[in-house]
1. Exactly one of these conditions fails for B:Gln146: (1) modelled with pLDDT under 95; (2) under 26 Å from A:Leu15 (Cβ atoms). Give me its number.
2. Out of (1) in contact with a Ser or Thr (Cβ under 8 Å, 6 or more places away or on another chain); (2) of a type in the set (D, E, K, R); (3) touching a residue at least 40 places away in the same chain (Cβ under 8 Å), what's the single condition that is false for C:Lys135?
3. Take the conditions touching a Gly at 6+ places or on another chain (Cβ under 6 Å) and buried (at least 17 other Cβ atoms within 10 Å of the Cβ) and apply them to B:Val238. Does it pass?
4. Among the residues of region C:9-29, is any out of contact with any helix residue (DSSP H, G or I) (no Cβ under 9 Å at 6 or more places or on another chain), at pLDDT below 90 and away from chain A (no Cβ under 14 Å)?
5. Would region A:5-15 turn up any residue that is within 16 Å of the chain's Cα centre (by Cα), within 14 Å of chain B (Cβ to nearest Cβ) and modelled with pLDDT of 95 or more?
6. How many of the residues in region A:49-76 are in contact (Cβ under 8 Å) with a residue 12 or more places away in the chain and within 11 Å of chain C (Cβ to nearest Cβ)?
7. Checking B:Cys153 against (1) more than 13 Å from chain A (Cβ to nearest Cβ); (2) more than 22 Å from A:Asp104 (Cβ to Cβ), which single condition isn't satisfied?
8. Hey, can you tell me all the residues within region A:87-103 that are touching a Leu at 6+ places or on another chain (Cβ under 9 Å) and more than 20 Å from A:Ile141 (Cβ to Cβ)?
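The values are calculated or read from the model by the stated rules, or taken from the named source; none is laboratory data. Predicted, not measured: the structure shown is a model, and the values here were computed from it. Every residue, glycine among them, receives a Cβ derived from its backbone with ideal geometry; neighbour counts consider all protein chains shown.
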Amino acid sequence: TPLGPASSLPQSFLLKCLEQVRKIQTDGAVLQERLCATYSLCHPEELVLLGHSLGIPKAPLSSCPSQALQLTGCLSQLHSGLFLYQGLLQALAGISPELAPTLDTLQLDVADFATTIWQQMEDLGLAPAMRPTQGTTPTFISAFQRRAGGVLVTSHLQSFLELAYRVLRYLAQP
Amino acid sequence: ECGHISLSAPIVRLGDPITASCTINQNCSHLDLESQILWRLGAELQPGGRQQRLPDGTQESTITLPHFNHTQAFLSCCLHWSNSLQILDQAELRAGYPPATPHNLSCFMNLTTNSLTCQWEPGPETHLPTNFTLKSFKSRGDCRTQEDFILDCVPEAGQSHCSIPRKHLLLYQNMGLWVQAENALGTSISPQLCLNPMDVVKLEPPTLWTLDPSPEVAPPQPGCLRLRWELWKPSLYVEQKCELRHQPQRGEASWALVAPLPPGNFQYELCGLLPATTYALQMRCTRWPLPGHWSNWSPSLELRTAER
Amino acid sequence: ECGHISLSAPIVRLGDPITASCTINQNCSHLDLESQILWRLGAELQPGGRQQRLPDGTQESTITLPHFNHTQAFLSCCLHWSNSLQILDQAELRAGYPPATPHNLSCFMNLTTNSLTCQWEPGPETHLPTNFTLKSFKSRGDCRTQEDFILDCVPEAGQSHCSIPRKHLLLYQNMGLWVQAENALGTSISPQLCLNPMDVVKLEPPTLWTLDPSPEVAPPQPGCLRLRWELWKPSLYVEQKCELRHQPQRGEASWALVAPLPPGNFQYELCGLLPATTYALQMRCTRWPLPGHWSNWSPSLELRTAER
């Protein structure tokens, strides 16, 4: 059932989610800026071909757009997407000593946000019995592939979060 | 080993009795086993040793120090031999108190070090080596159910604060925390805190500037001042509210508070002030509407109001 | 993997040529394998790639950068695909210099930290990660025979000094020391020092005091000053000689030296000075007659000569 803005989600949950999205977007922007400054890898469009060959997936948010917002489906996609990106970020481990702290923070914040969503689904009785498990993530075999993977994964994550932010703001309207 | 001391307990509460016994065994052949065993505490001879010969021929002396009120001392078992006092064995005695309950446990999330820092009052001196440990666990509801434990946080020696690094934290979930104090005489546990790290975030203060005069904008009215501010960069993702206080630099007037300032707007015209007066302005912010601690007040910005 | 770069060498001397080749293999099926392989250094396209189709059908482009004068840069192998430039692989290029010979190696024995501290000049910047190691061995004669090696002493990053702790030292035996510098382009070794740790001991300066006036002793003559001193406590076991220097506090007169001071006597009457003048007095000491380094000059003691 599509949801109007005054949804059954607690306001504090929505405010926390909005803050967590902004925090992850800040972390992601730092990583993108440093990948560009250090390695001249500034444009995800230049790495589309590599992305295909590495098989880097994108997470859908199809049941979230406001005209057909479907709470269970939307929260579930939000959680699965965050869970996917958490796994992809983990696969980038060893990207470089200088970027490792930034990548760690980003990954921890994505994991935190996924936990916030999951626990709210459990509180609403919407959570499936089994927690999702990580599917096969791409393997990055060279330093360049990890850096290029970093550019692509972060760029996909930022687009995912922009849509999530719009949905959460819509839901948070009084 | 000629002599050997055994103690009722090596560590006792300050003022409690301590009983020690020293046995001199036979294979100290060159010893005149009849001579009296003497006790020395530090450098002072202690009367009151009760000596007896045991069935197996060894000599044993027992002494009780009724109220041991040194925090630390050495008890020696001695014997006269060829007109000199011979020390045969020595034991270290210690006394103190079991740890009091650590209290005033409080924590705040530090966005600079990205860690949760907790501090507490250790309670009175115990005179004994006492280990403090900050224990914590992740929890769903109100910390009554303990889910997975977080690594013990051991403070540096003598410190009463400890920081849990980001990688052990779920910033937006509840966690239970308490402090355990332990020494040879006992263990005590502080009351438990239940908190969500981001709900105890403490931000750094904003930075204040004067608004540069510009042709398009009329200068401020007499008795008014214009200022602008920037939130602390690492906290830009946190929605916050701020308040301003001001005080004439001279004279005894106390701080006047201007609160709340309109969120999202980073400049303000402050009016109702005395003309031709230099004011000190300070600002602080807190996470809002979600919970958080107030930042410290920013360093003062000094501005002077126009002449009438 | 669609594209792969291989380099003649990942690290070269600054200004030397670097040759790279990039092969695009067939399993990049969705690729139009005829299109031209492009090279980019940092963000700038590099002309001069020579492209050929290999027998197995793969495309290979080779490029030579004649004088590579960046200390560090990223070389990318790219291809046009659906009207955008696609990066297929990227390699890190570095250039710099092999380490110059470390020189001016000198050591002194520090009795406070009880360690032998050596320092050296690292030589010009190599632009490459370069490891410096202080190597040493115990030796009988003049260090031409190497007996047992002492643990390598690795300085903190970027530092040109290292301290060998007491437990690795024979203070009164000869030891050979040298510094090795190593990076990807080569290794260099400093000239060897042969020394006996205590023969390079550097003491802390003595402490100076004015001699308190006392009834038994007549006050100093006009133009004379009395002072006493104490040797630095940790060096009391070291026989040493000291020297004094003095200088009127005002005016341009340079330091006047009084040396050597009678050893073993820790007070002195300095005469031949201007009356009613404030003098700054400093003293330093060195191990003597056995070798050692002079200590720094002590902090100044200010004394004023009597009126005429």
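1. So the condition that B:Gln146 fails would be (2).
2. Condition (1) is where C:Lys135 drops out.
3. On the way: touching a Gly at 6+ places or on another chain (Cβ under 6 Å): no; buried (at least 17 other Cβ atoms within 10 Å of the Cβ): yes.
Answer is no for this residue.
4. No, there is no match, as no residue in region C:9-29 is out of contact with any helix residue (DSSP H, G or I) (no Cβ under 9 Å at 6 or more places or on another chain), at pLDDT below 90 and away from chain A (no Cβ under 14 Å).
5. The answer is no; no qualifying residue exists.
6. The qualifying residues number 3.
7. Of (1) more than 13 Å from chain A (Cβ to nearest Cβ); (2) more than 22 Å from A:Asp104 (Cβ to Cβ), only one is false for B:Cys153: (2).
8. Of everything in region A:87-103, just one residue is touching a Leu at 6+ places or on another chain (Cβ under 9 Å) and more than 20 Å from A:Ile141 (Cβ to Cβ), namely A:Thr102.
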